[in-house]
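K.L.:
Sharing a structure, written as structure tokens. Questions coming.
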Amino acid sequence: MPRPWRPIAAAKCCTADDHVVLGNLSRCRPTRADLSKKVAELRFFRRLSSSDLGSSPCSARLNASDEFSHSFGAGLYAFQLSELKAITHDFSSNFLLGEGGFGTVHKGYIDDRMRPGLKAQAVAVKLLDAEGLQGHREWLAEVILLGQFRHPHLVKLIGYCCEDEERLLVYEFMPRGSLENHLFRRISMALSWGTRLKIAIGAAKGLAFLHGAEKPVIYRDFKTSNILLDHDFAAKLSDFGLAKMGPEGEDTHVTTRVMGTHGYAAPEYVMTGHLTTKSDVYSYGVVLLELLTGRRAMDKTKPKNEEKLVDWAKPYLSSSRRLRCIMDHRLAGNYSTKGSREVASLALRCISPNPKDRPRMPTVVETLQGLQHLKDMAVSSGAWPPIVGRHAISAKTKPDNTANARRRSISTKLA
């Protein structure tokens, strides 16, 4: 799994708008203690906190100010490093699930004897890259946020480890992996239209929950690799290290260092640093396009004019006839014609250049839920060419080819 895109926006370390800004890391490398102190001073974390860390081994380093306190949430378990090493076979490569900007993720197994009340289950253990700087802050953000919030469409944080310089997180294991793997790895079976719709609805519910919190949470890194799937393909959002407490009111914004993943980030956020919940809605629209087309948000292997999915797909979204030309050929026409039109229309609204024109996530959920029972499959209604795959005949070329065949037949008879 490629490391997330991290644009460098500043030439030196500084503090702006109550958000730590880390600039050129090769020339400016604050110690982890200094970083913890800066993080402790942020209003973002103070607003989330209600109690002290307690007597965990890292309390002294994290409590850089007397006013800094956190709520790790009821039900989170504090694990020892030795325990997590044991359940992952010392973080063996044979148990490696993936790797990102934070570090590596390994599969492990815990039994009900490890902690009172903890059921036996498979888990995913995320290990902080000790050489990284941003990882410590992301670890802290995830523990605080997921320690407070519980929702069927957010991945469940079971516990954490903070021992010496080590930072780890323990999540529920998601057996189907990420949406990214199912959409773009050709060795996997193609997701059906109904499953894609189910995933889109689940992910939308997760975002709607975050945006509807008392202090809205902006996810900031919504993408297919952060949408995990359980055994029944229920979608759950993961990786909250970049999440921010959002603005209150439609016309307000926060200014922050631009972070996220190229191709998913909203244009106004990339250009100005203005971040609102509507930035997440844009990213959601990009994922809808990926579900429709089976193409990545950014694909350098495509011709120059097709590299960015939004720019390439947008002209096709408002026409039913043109839309079928960009539908994922792996669906082979087994999708609802009306449903695909509605999803395309919704995606077009989500990726609007004007944030105010984008729908709110509850509206997105309501729209998609109304499409679940449509049965007008394109392949059975004649809206999909009879030959699929690389040699599929597009809607535009099919009449011409038929006419040419007819002319050839007439010429043969005359001869």
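Only the coordinates and a few stated rules stand behind these numbers; no lab work does. Everything numeric here is computed off the predicted structure, so don't read it as measured data. Here the Cβ is made from the backbone with ideal geometry for all residues, glycine too, and neighbour counts use every protein chain on show.
K.L.:
Using the beta-carbon distance between MET271 and ASN305 and R0 = 22 Å, what value does 1/(1 + (r/R0)^6) give for FRET efficiency, to the nearest 0.05?
P.N.:
In this case the efficiency is close to 0.55.
K.L.:
Still on this structure: Express in nm, to one decimal, how much length is gained between GLU342 and ALA86 on full extension, taking 0.36 nm for each residue of separation and deducting their alpha carbon distance.
P.N.:
87.2 nm
K.L.:
For GLN369 and LYS314, compute 0.36 nm times the residue count separating them, minus their Cα-Cα distance, and round to one decimal in nm.
P.N.:
Answer, rounded to one decimal: 17.5 nm.
K.L.:
Another question, then. Between ASP129 and residues 5 or more places away or on another chain, which pairs have amide H atoms under 5 Å apart, with H built 1.01 Å from N, and which residues are they?
P.N.:
GLY103, THR104
K.L.:
Whose amide H sits under 5 Å from the amide H of TYR109, counting only residues 5 or more places off or on another chain, with H placed in the peptide plane?
P.N.:
Close amide H contacts, sequence-distant or interchain: VAL123.
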